[in-house]
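The values are calculated or read from the model by the stated rules, or taken from the named source; none is laboratory data. If you're wondering where the values come from, they're calculated on a predicted model, not measured in any experiment. Positions of Cβ are generated from backbone atoms using ideal geometry, with glycine treated the same way; all protein chains shown enter the neighbour counts.
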Amino acid sequence: MTQADTSRELVPASGAPACSAESTHVAGPHAERLDNLYPSTPATVNREEGLMLYRDMVLGRRFEDKCAEMYYRGKMFGFVHLYNGQEAVSTGVIKAMKAQHDWFCSTYRDHVHALSCGVPAREVMSELFGKETGCSKGRGGSMHLFSKEHHLLGGYAFIGEGIPVALGAAFTSRYKRDALGDASSDAVTAAFFGDGTCNIGQFYECLNMAALWKLPILFVVENNKWAIGMDHNRATSDPEIWRKAAAFGMAGEEVDGMDVLAVRAAAQRAIERARAGEGPTLLECLTYRYRGHSLADPDELRAQAEKDFWAQRDPIKRLASHLTDQNLATAEELKAIEREIDAEVADSVDFALAAPEPNPEELTRYIWAED
Ligand SMILES: Cc1ncc(C[n+]2csc(CCOP(=O)(O)OP(=O)(O)O)c2C)c(N)n1
Ligand SMILES: [Mg+2]
């Protein structure tokens, strides 16, 4: 199924999946689905937006690489789940939305979503170090990033926990507009979650309510093929998650989650529908995580051929090639952005290392709202 085939229309009733767990593709059925998406009409971007998207993806990548370094140097504790490889999803969706107006809800793999939302790297790194200057005042850590200012409704350790929270935010937009008469209430909410999470009840319950009430929400599935060590194709009845939208009469779309321009274009279509009162979209982004499930995972399960397939489709390199091929930017300009980002990430570490620990006497502070 191509992107062009699926956009803007309600999905048809699901037939047999286009590929099965018995795929003969060298990198398996997930990779086969990605290959089947092409050829599609490539999305376009102008120089300013292209550089903005590039900057955001590089920030996500370099920040996570620095997290790995800090974790192995003993500066972070507990489980830390990195986002390397999936940057096009965070950047493509969040940068298509309105900062500090629309709402975002994440998972335990939340650092890069927070950065795309505009939470300063200093605040994210401080939170990972458990410092008072962290966006959750050092009480949350890696899996519990939160920012009222940047409309980040949280990272959540339990899978699927954020979906009903996002649904509530989408309901609030609709309620303010339709019941309270606030015509300016047009905020859209994006809920991010993984393929494995689509096998639990909250996913289905929330899709049902969102469709029933035509809520302005994007259910963004980051299908990276794996739920810890469980292959998606072994764990779900129909691996094409976007097709599940049909059961609820909502729009569904699958997109190349390694192509930030394709993700952005699909997100823009879904946002437009949501703001127009046409209800939710189930957007399945085919992507891959480059590292193990968490930094405690030695990543010994996944086949090398599979890793190689996805590495060749790296979203950052792909956008860099697009920008230089289209004469929208030079390689030197992109290098300069990378240097700026490296300095920003290094600064976030210096800031976090020097920041104070929370006062133990205030351990239970911020459990309840204070204002
Ligand atoms: C309710 C609940 N059950 C089980 C777990 C254990 N768990 C942690 S991550 C995970 C897999 C989730 O996979 P997926 O949704 O694909 O997200 P990904 O890690 O690939 O981003 C599971 C089952 C959990 N955190 N919460
Ligand atoms: Mg997954």
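General observations
- Selection from segment 166-188 of residues that are of a type in the set (S, T, N, Q) and either assigned to a loop (DSSP other than H, G, I, E, B) or on the phi > 0 side of the Ramachandran plot (or both): SER184, SER185
- Residue, farthest from ligand 2 (Cβ to nearest atom), within segment 224-235, restricted to residues that are crowded, with 19+ Cβ neighbours inside 10 Å and not in a strand (DSSP E or B): ASN233
- Just one of the numbered conditions (1) more than 16 Å from ligand 2 (Cβ to nearest atom); (2) small (Gly, Ala, Ser); (3) in contact with a helix residue (DSSP H, G or I) (Cβ under 6 Å, 6 or more places away or on another chain); (4) under 28 Å from ARG234 (Cα atoms) is not true of GLY201: (3).
- Taken over segment 50-78, the criterion of being at pLDDT below 95, in contact with a Gly (Cβ under 9 Å, 6 or more places away or on another chain) and crowded, with 16+ Cβ neighbours inside 10 Å is satisfied by MET76 alone.
- Extreme residue, farthest from ligand 2 (Cβ to nearest atom), among residues of segment 148-173 that are β-branched (Val, Ile, Thr) and surrounded by fewer than 22 Cβ atoms within 10 Å (Cβ to Cβ): THR172
- Selection of helices (runs of 4 or more DSSP H) fully inside segment 283-371 by the criterion of at least 2 residues being surrounded by 17 or more Cβ atoms within 10 Å (Cβ to Cβ), in contact with a Phe, Trp or Tyr (Cβ under 6 Å, 6 or more places away or on another chain) and in contact (Cβ under 8 Å) with a residue 60 or more places away in the chain returns 331-354.
- Whichever residue in segment 218-247 is within 9 Å of ligand 1 (Cβ to nearest atom) and touching a Phe, Trp or Tyr at 6+ places or on another chain (Cβ under 8 Å) and, among such residues, is farthest from LEU37 (Cα to Cα): HIS232
- Qualifying residue in segment 148-165 (condition: within 22 Å of GLY292 (Cα to Cα) and touching a Lys or Arg at 6+ places or on another chain (Cβ under 9 Å)): yes
- Close pairs (7 angstrom Cβ cut-off, 6 or more residues apart or separate chains): closer than 12 Å to VAL220 by Cβ and modelled with pLDDT of 95 or more in segment 191-205, more than 15 Å from ligand 2 (Cβ to nearest atom) and among the β-branched types (Val, Ile, Thr) anywhere: ALA191/ILE217
- Residue list for segment 61-110, filter: more than 18 Å from ALA352 (Cβ to Cβ), part of a loop (DSSP other than H, G, I, E, B) and within 14 Å of ligand 1 (Cβ to nearest atom): PHE79, HIS81, TYR83, ASN84, GLY85, GLN86, SER106, THR107, TYR108, ARG109
Every residue, every condition in (1) at pLDDT 95 or above; (2) among the basic types (Lys, Arg); (3) in contact with a strand residue (DSSP E or B) (Cβ under 9 Å, 6 or more places away or on another chain), yes or no:
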site: GLU278; (1), (2), (3): yes, no, yes
site: LEU283; (1), (2), (3): yes, no, yes
site: ARG289; (1), (2), (3): yes, yes, yes
site: ALA303; (1), (2), (3): yes, no, no
site: ARG313; (1), (2), (3): yes, yes, yes
